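Participant: Quick one: the structure is below, questions incoming.
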Amino acid sequence: MAALGRPMPQGPDVPEVIRKLKPMTDGIQPITDEERHARIEKARRLMRQNKMDAVVMAGGSSLFYFTGSRAAEVLWILPVAGEPVWVAPEAPESKLAGEARIWKDPALKYRLAAKALADRGGITRIGIEERVPFGLFDGLRHATAGTEYVSADPVTAGCRMIKSPAEIALMQRANDITIAAYKAALATLREGMTQRELSANIAAAYRALGVNGGAMAIFGKYTAFPHGSIQPQQLREGDMVLIDDGCTVEGYQSDITRTTVFGKPTARQREVWEIERKAQDAALAAARPGAPCESVDAAARKVITDAGFGPGYKVPGLPHRTGHGIGLDGHEWTYLVKGNRTKIEPGMCFSDEPTIAIYGEFGVRLEDCMYITESGARMFTKQSPAIDQPFG
């Protein structure tokens, strides 16, 4: 991540509208050690509820969530009681990591981990965090014969799905910065521009705003592909323009999509865009505490199906889920998708991004992220009011 508060150097090819941007990083408040301590205690409550004696994590977003460390090649053991254990090639920089057991020979780390578990006594059922590489899990499993291993998702996802006010504030800043970057970059649209040039302008805007970020850019018929296309594209009058992605603030992510048109929209483009906006509105209204996650997907999909697209996941129509959880990972638990009966709770954060894909013609996706309050969902950003007004 770029140093907060410091403008990044801009090359001579960076458009003036981007060179004029200033960092938006003043006043950012990192997650405190006190909050991380509270997360550990919540994890232990969930471990007791799910009959886990310990949880094992490796480097990644869950380790950062609990300890603030981005270290790699580590095993972090959180027992249901007692001091955590850090098994690593060097001492941790995190005050929350717990006891350190240092290895110089990688072959010894599993023995050290097994000894640490044995020293805590009574650990027979261990949860494995979802992103622990299989090789690490396999080595630990063989060093602890007779121990039962289960998924740690009820603990790690159970903590991370519910965001605190401090987390929501960091996500709000990431979203605010993303809108500023998008506004500047879309002001650089010109006839003949390639999709790579537009992506480069968005990345430059993020650097000027003091963060790391980027975005996929797609033009014309390629906007129908939800994940873009590597085919060379040059912007032409009347093309749909779609940009999608975000930035990171203290590890917390934004994810925003804007779809507009270069020039004057056709009646067809405007009609499909407005159906998409109604679908996004329907998802926002349905995302209320106590509702199952799948009901949000159903609400958005009904708008699109009633307009003659689909049905279901068929194209032309909405070919993917309506939204995903977001936080330290751009995509994380839980998902707004058919079959997910998880109840929505205050503090959950999701993308709201129904898509209408019409292969060979164009696609429209509007994506804003929302957080759940006691009274319903609220967007981090103002929705697009019209196809030719991408920003509220």
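The values are calculated or read from the model by the stated rules, or taken from the named source; none is laboratory data. Keep in mind that this is a model prediction, so the values were computed, not measured. Counting neighbours? That spans all protein chains shown, and the Cβs are built from the backbone with ideal geometry, glycine included.
Participant: Out of all the residues in the stretch 338-368, which are among the polar types (S, T, N, Q) and in a loop (DSSP other than H, G, I, E, B)?
Facilitator: To start, the set of residues in the stretch 338-368 that are among the polar types (S, T, N, Q) comprises 340, 342, 351, 355.
Scanning the stretch 338-368 gives N340, T342.
Participant: Another question about this same structure. Which residues, counting only those in the stretch 213-239, are at pLDDT below 95 and either out of contact with any strand residue (DSSP E or B) (no Cβ under 8 Å at 6 or more places or on another chain) or outside any strand (DSSP E or B) (or both)?
Facilitator: P226, H227, G228, S229, I230, Q231, P232, listed by residue number.
Participant: Now, a different point. Does the stretch 271-292 include one or more residues that are modelled with pLDDT of 95 or more, of a type in the set (K, R) and under 18 Å from A224 (Cα atoms)?
Facilitator: Step one: of the stretch 271-292, the residues modelled with pLDDT of 95 or more are 271-292.
Subset that is of a type in the set (K, R): 277-278, 288.
Among the residues that remain, those that are also under 18 Å from A224 (Cα atoms) are: 277.
Checked against the condition, which is being modelled with pLDDT of 95 or more, of a type in the set (K, R) and under 18 Å from A224 (Cα atoms), the stretch 271-292 yields at least one hit.
Participant: Pick from A166, A184, A174: which is among the small types (G, A, S), surrounded by fewer than 18 Cβ atoms within 10 Å (Cβ to Cβ), at pLDDT 95 or above and not in a loop (DSSP other than H, G, I, E, B)?
Facilitator: Result of the check over A166, A184, A174: A166.
Participant: Can you give me the ranges of the strands (runs of 3 or more DSSP E) entirely in the stretch 51-142 with at least 1 residues that are aliphatic (A, V, I, L, M) and buried (at least 21 other Cβ atoms within 10 Å of the Cβ)?
Facilitator: Details: elements: 54-57, 75-79, 85-88, 99-102, 125-128.
Filter on the stretch 51-142 gives 54-57, 75-79, 85-88, 125-128.
Participant: Might you check whether a residue that is surrounded by fewer than 20 Cβ atoms within 10 Å (Cβ to Cβ) and either closer than 23 Å to G360 by Cα or in the same structural domain as E130 (by TED's automatic domain parsing) (or both) occurs anywhere in the stretch 319-326?
Facilitator: Yes, the stretch 319-326 contains at least one residue that is surrounded by fewer than 20 Cβ atoms within 10 Å (Cβ to Cβ) and either closer than 23 Å to G360 by Cα or in the same structural domain as E130 (by TED's automatic domain parsing) (or both).
Participant: Hey, among the residues in the stretch 374-392 that are in a loop (DSSP other than H, G, I, E, B) and among the polar types (S, T, N, Q), which one's farthest from the chain's Cα centre (by Cα)? Even if it seems obvious, please write down each step before you answer.
Facilitator: The first filter runs over the stretch 374-392 and keeps only residues in a loop (DSSP other than H, G, I, E, B), leaving 374-375, 380-385, 387-388, 390-392.
Adding the requirement that they be among the polar types (S, T, N, Q) leaves 375, 381, 383-384.
Numbers: S375: 23, T381: 15, Q383: 19, S384: 21 Å.
Among those residues, the one meeting the criterion is S375.
Participant: Is it the case, given these coordinates, that V296 is of a type outside the set (G, A, S), in a helix (DSSP H, G or I) and either on the phi > 0 side of the Ramachandran plot or in contact with a strand residue (DSSP E or B) (Cβ under 6 Å, 6 or more places away or on another chain) (or both)?
Facilitator: yes
Table: residues versus (1) among the aliphatic types (A, V, I, L, M); (2) without any contact (Cβ under 8 Å) to a residue 12 or more places away in the chain.
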| residue | (1), (2) |
| --- | --- |
| G27 | no, yes |
| R45 | no, yes |
| G60 | no, no |
| L78 | yes, no |
| W103 | no, no |
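Participant: Provide a single number: the residues in the stretch 187-212 that are at pLDDT below 95 and at positive phi. Walk me through it before giving the result.
Facilitator: First, the residues of the stretch 187-212 that are at pLDDT below 95: 212.
Narrowing the set further to residues that are at positive phi leaves none.
Final tally of qualifying residues: 0.
Participant: Of all residues in the stretch 343-392, count the ones that are within 15 Å of D297 (Cβ to Cβ) and buried (at least 17 other Cβ atoms within 10 Å of the Cβ). I'd like the intermediate steps shown before the answer.
Facilitator: From the stretch 343-392, those within 15 Å of D297 (Cβ to Cβ) are 343-344, 348, 350-356, 365, 367, 370, 377; that's our starting set.
Then drop every residue that is not buried (at least 17 other Cβ atoms within 10 Å of the Cβ), which leaves 344, 348, 350-356, 365, 367, 370, 377.
Qualifying residue count, the stretch 343-392: 13.
Participant: I'm checking my understanding of the structure. Among residues of the stretch 289-316 that are touching a helix residue (DSSP H, G or I) at 6+ places or on another chain (Cβ under 6 Å) and in contact (Cβ under 8 Å) with a residue 12 or more places away in the chain, which one is farthest from Q253 (Cα to Cα)?
Facilitator: By that ranking, first place goes to A307.
Participant: When you scan the stretch 186-204, how many residues do you find that are of a type in the set (G, A, S), under 22 Å from the mean Cα position of the chain (by Cα) and within 20 Å of F262 (Cα to Cα)? Lay out the reasoning, then the answer.
Facilitator: We begin by selecting, within the stretch 186-204, every residue of a type in the set (G, A, S); these are 187, 192, 199-200, 203-204.
Now narrow it down to the ones that are under 22 Å from the mean Cα position of the chain (by Cα): 199-200, 203-204.
Narrowing the set further to residues that are within 20 Å of F262 (Cα to Cα) leaves 199-200.
Number of matching residues: 2.
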